[in-house]
Amino acid sequence: MVDMKQINRRVILKKRNALSKDEIIKKSSIIKNNLFSSQEYKKSKVIMFYVSFGSEVNTMEMIKEALKEKTVCVPVVEKDRMIASIIDRIDDLNKKNEYKILEPTNIQKIESKEIDLVIVPGVVFDKTAHRIGYGKGYYDKFLKDFKGKKIGLAFNMQIMEIIPKDRWDIGLDKVISEV
């Protein structure tokens with residue numbers, strides 16, 4: 001059987017990986033402004049950001065700025081699941097995990113019920129705020145019982161009309177892009 005998720009993931013990753021560093025920085029800056037002006041962001045006191053790598057929407061500037069006024073946490077991979085850890089400054093992101101994503105060495109665990117907003121990565125998104133991630137299911141497991149807001153960050157070229165979903169896929173509240 002043809003796996004449409006895999007095909008979508010491959011096609012969009014290829015397009016996203018073709019973006020120049022400058023394009024990623026410029027578009028990520030617009031996305032940051034769009035996120036920071038959203039009601040969800042303004043109302044949130046505790047925000048979990050994904051730590052960007054590769055050609056993802058860059059969250060490093062977002063994290064730096066958010067640290068000035070919010071409690072910021074980031075994902076930490078523990079075996080087959082993900083937990084949230086508070087960071088106090090950007091320098092706390094000082095080691096790479098098995099996926100080459102920065103994490104803090106000093107874990108300050110925070111329960112998901114204490115988080116107001118989770119900023120979610122993804123490879124492909126659709127107009128109904130569903131996402132296709134990298135296929136490991138970390139975010140779907142983490143968000144399964146999460147009661148706060150969930151926002152995906154994407155370059156506009158990552159957003160399709162509609163994507164295939166499985167029953168375990170967790171939808172988002174919205175997707176913010178540069179347009």
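Numerical summary
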read-out: Alpha carbon convex hull of the range 14-90, volume per residue in cubic angstrom; value: 110 Å³
read-out: Those residues of the range 115-149 whose amide nitrogen sits under 19 Å from the label point placed on K45, 7 Å along Cα→Cβ; value: 115-119, 147-149
read-out: Convex hull volume of the range 6-53 per residue (C-alpha atoms, cubic angstrom); value: 105 Å³
read-out: Principal-axis tilt of helix 4-17 within the chain, Cα atoms, nearest 10 degrees; value: 70 degrees
read-out: Value of D in µm² per second that Stokes-Einstein yields for the range 102-179, Kirkwood Rh from Cα pairs, at 10 °C (1.306 mPa s); value: 119 µm²/s
read-out: Computed label-point distance, nm, for sites E161 and I107 using a 7 Å Cα→Cβ extension; value: 4.5 nm
read-out: Whole-number Å³ per residue for the convex hull built on Cα positions in the range 38-82; value: 93 Å³
read-out: Note, ³J(HN,Hα) from phi for the range 142-153, Karplus 6.51, -1.76, 1.60, rounded to Hz, x at Gly and Pro; value: 5, 8, 3, 10, 6, 9, x, 8, 10, 10, x, 10
read-out: The chain, relative contact order [Cα under 8 Å, separation at least 6], %; value: 23 percent
read-out: Descending semi-axes in whole angstrom, ellipsoid equivalent of the chain, from the Cα gyration tensor; value: 23, 19, 17
read-out: For Y50, distant residues with modelled amide H under 5 Å away; value: I119
read-out: Length gained when the stretch V11-Y99 is fully extended (0.36 nm per residue, less Cα-Cα span); value: 29.6 nm
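No value in this document is a laboratory result; all are computed from the given coordinates. Note that the structure is a prediction, hence the values are computed from the model and not measured. Positions of Cβ are generated from backbone atoms using ideal geometry, with glycine treated the same way; all protein chains shown enter the neighbour counts.
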